[in-house]
1. Residue by residue through segment 671-685, note down the ones that are in a strand (DSSP E or B) and in contact (Cβ under 8 Å) with a residue 40 or more places away in the chain.
2. From (1) touching a Lys or Arg at 6+ places or on another chain (Cβ under 8 Å); (2) buried (at least 17 other Cβ atoms within 10 Å of the Cβ); (3) assigned to a loop (DSSP other than H, G, I, E, B), pick out the condition that doesn't hold for N274.
3. Among the candidates A496, A484, A462, single out the residue that is more than 19 Å from the chain's Cα centre (by Cα) and either within 19 Å of K549 (Cα to Cα) or open to solvent by less than 40 Å² (accessible area, probe 1.4 Å) (or both).
4. Considering only segment 604-636, how many residues are among the acidic types (D, E) and surrounded by 20 or more Cβ atoms within 10 Å (Cβ to Cβ)?
5. Tally the residues that are in contact with a helix residue (DSSP H, G or I) (Cβ under 7 Å, 6 or more places away or on another chain) and open to solvent by less than 10 Å² (accessible area, probe 1.4 Å), restricting the search to segment 104-122.
6. Being in contact (Cβ under 8 Å) with a residue 40 or more places away in the chain, part of a helix (DSSP H, G or I) and not small (G, A, S) is the requirement here; does V231 meet it?
7. Across segment 599-630, what is the number of residues that are among the hydroxyl-bearing types (S, T, Y), closer than 22 Å to V683 by Cα and in a helix (DSSP H, G or I)?
8. For segment 309-324, check the following and say yes or no: at least one residue is small (G, A, S), more than 30 Å from V636 (Cβ to Cβ), touching a Phe, Trp or Tyr at 6+ places or on another chain (Cβ under 7 Å) and open to solvent by 10 Å² or more (accessible area, probe 1.4 Å).
Amino acid sequence: MSPTSPHDAHATRPANRLAGEKSPYLLQHARNPVDWWPWGEPAFAEARASRRPIFLSIGYSTCHWCHVMERESFEDESVAELMNRWFVPIKVDREERPDVDRIYMTAAQAMGLGGGWPLNVFLTPELEPFYAGTYFPPEARGGHAGLKQVLASVHQAWEERRGDLEQAGRTVLGALERSEAAPQTTAAREELFVQAAQWFADTEDRGCGGFGHAPKFPTVANLGFLLRWWVRDPNAHAGALDIVLRQLDAMQRGGIHDHLGGGFHRYSVDRGWNVPHFEKMLYDQAQLAVVYLEAFQATSRAEYAAVARGVLEYVARDLSHGGGGFDSAEDADSEGEEGRFYVWTPDALAAALPADQAELFAFVYGVAPHGNFEGGATVLSEVHDAAAAADRFQLGLDEVAARLAAARATLLAARARRVRPHRDDKVIAAWNGLMISAFARGAGVLDDEALAARASQAAEFAWERLRDPASGALNRRWRDGEAAGDGQLDDHADLATGFLDLFAATSEPRWLARAAALAEQLVARFRDPDEGGWFESPEGDPSIKVRMKNGFDGAELAGNSVAAELLARLGRLLDRHDWQAEAERTFDAYARRLNGGAMAMPRMLSAMLLAETPARDIVIAGDPAAADTRAMRRAVEARFLPGALAVVRDPARAAALGELLPWVAPLAPRAGRATAYVCVDHVCQLPITDSTALAAALDANANPKENA
């Protein structure tokens, strides 16, 4: 399907101003009758000159309700006539301009008007928000205000009470500015850890896994913190691991997991993870791959490794840009219907599979005549396990596994012949950083050099295409040959973290050097010298009325959380005490901001946990291709050691590595054998030349709390 439109309606209408943009989301609206402007000074100047308010509409190209509102409202000629006459309509892709989205989403919530996408906000010509909402059908329906009526009411208020609306907008922005100041009361970090762990335990859905009820989101940052809280004291915090595994097991079995193609859908609309909202986001794939890898390290359960590999295979196959980067997302809709690409019926199975395979597959994955989705179709979920299938069909477990694998492959090929959902093919720096980390981590944990090669390809693409060689800073996105948009805090933090994880996977010094270069840019461009922490957007854009700090680790991680962890890790590794000090300033700032609400930023808590334990690095001196070196790496990667970094000191790269890490230079192989050095704060223990002995040494020092 064309990235320029999620449907074919009005395809012959003349293009509006958005036709010259690169964003797939803006291009989807390029033939609306609405006289859209892109975000920028020409639109603002038009609003000031005409003394009309701005109708700001924010969304993204794979947003289901954005598509619905476009079809119903923005394609409606009568709606467009009102918008064009009374307002200056502006469209924003939230994925390209998270800074704009952050301000006006926060403003909408501050006004008590809810949040979500599409986000529609009314602004003064000075960009001050005074009213907002999300989905508006053309006429009032089902509890939703009609857009025509909203436009008329706002126009009347603007004509009759303009001063009041302008004052309301200034008041909202003033409240946002004040909210950015950190409170003076603080909490000890230990209090924050305990508070968050208790909140997650109290809000867990023990019956179905996850937190709360429907809808259910993956909330990967929660799981990452709980894993680190558990490993800090496994005996005392065993319940934290149980919470993580219950959710991972439920998601793995449920319909949120794509059992044919790998990867995960955006969220589940039901409590049991069975019926998803079908869009697939790159940032979800990256974080979920990592948490399943970490669960595999923590438990040695092979199914977690298989799920993680499936996620990586999906991204490599279906979300990879030809030049090496990773695309952003796949839509929920195809042929005008949500989920049509993914669902199955008994007839569809019968048409694709031999009868015995179809019956077995339907039993395991719940494909029944009544279905579990609209129109009697079925979203695949694992309703019976292999043991139940073996008993039902009188087969051995190996035979069940083989038949199911063959059926999945056949059905995946059949599904590929369907009309595929729209793919958003822009390359976002931050999300590519997350995905580079996932492939790099997978390379180590799964002992698969091909995954490291794929991560390296994406990292090279990002360095060459998304980085401005003159300034050294990042652009936000690349698409269709063009890099554009000032890089945000998360772009620099996530991509630098990806490079650092890629260095850990490959021991190639260039990735460590590039991670450090991006960290320098991060400090220079986003540091808050007064309050500590980091502004999420760079300075210098007059359209950004408030430089905000994200206070929430949700589906997308807060840039402050990743930046703090990055500087703590790099500062320790490179002996950059200034970076460690900046990380500590961030932790202090967020100890104030999170007092009473620690559960909002679990990735920040994970960074705090990392910083409070001694730096532990494992240096393996030897030929990376040699069997004994690889055995040493496997001994490390088989264990969940958050914060630990394994570096292979390859003789061919020893000089370049020594320039970056002088403390590694003297660590050499002994007696012609690969030799491991377990180092705490760069003080290394006696050399180890046997992988079994290395495993024992790591296990003996496995509890960071006891060894702090």
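1. R673, T675, A676, Y677, V678, C679, V680, C684
2. Condition (1) is where N274 drops out.
3. Details: A496 fails: more than 19 Å from the chain's Cα centre (by Cα); A462 fails: more than 19 Å from the chain's Cα centre (by Cα).
After ruling out the rest, the residue left standing is A484.
4. Result for segment 604-636: 1.
5. Start the filter on segment 104-122 by keeping residues that are in contact with a helix residue (DSSP H, G or I) (Cβ under 7 Å, 6 or more places away or on another chain), which leaves 106-107, 110-111, 114-115, 117-119, 121-122.
Among the residues that remain, those that are also open to solvent by less than 10 Å² (accessible area, probe 1.4 Å) are: 107, 118-119, 121-122.
So the answer is 5.
6. Taking the combined requirement at face value, the residue satisfies it.
7. Qualifying residue count, segment 599-630: 1.
8. Taking every residue of segment 309-324 in turn, at least one turns out to be small (G, A, S), more than 30 Å from V636 (Cβ to Cβ), touching a Phe, Trp or Tyr at 6+ places or on another chain (Cβ under 7 Å) and open to solvent by 10 Å² or more (accessible area, probe 1.4 Å).
The values are calculated or read from the model by the stated rules, or taken from the named source; none is laboratory data. The structure displayed is predicted, hence computed values, not measured ones. Please note: Cβ atoms are built from the backbone with ideal geometry, for glycine as well, and neighbour counts cover all protein chains shown. Only protein heavy atoms, including side chains, enter the accessible area calculation; ligands, DNA and RNA are left aside. Shrake-Rupley method; radii C 1.70, N 1.55, O 1.52, S 1.80 Å.
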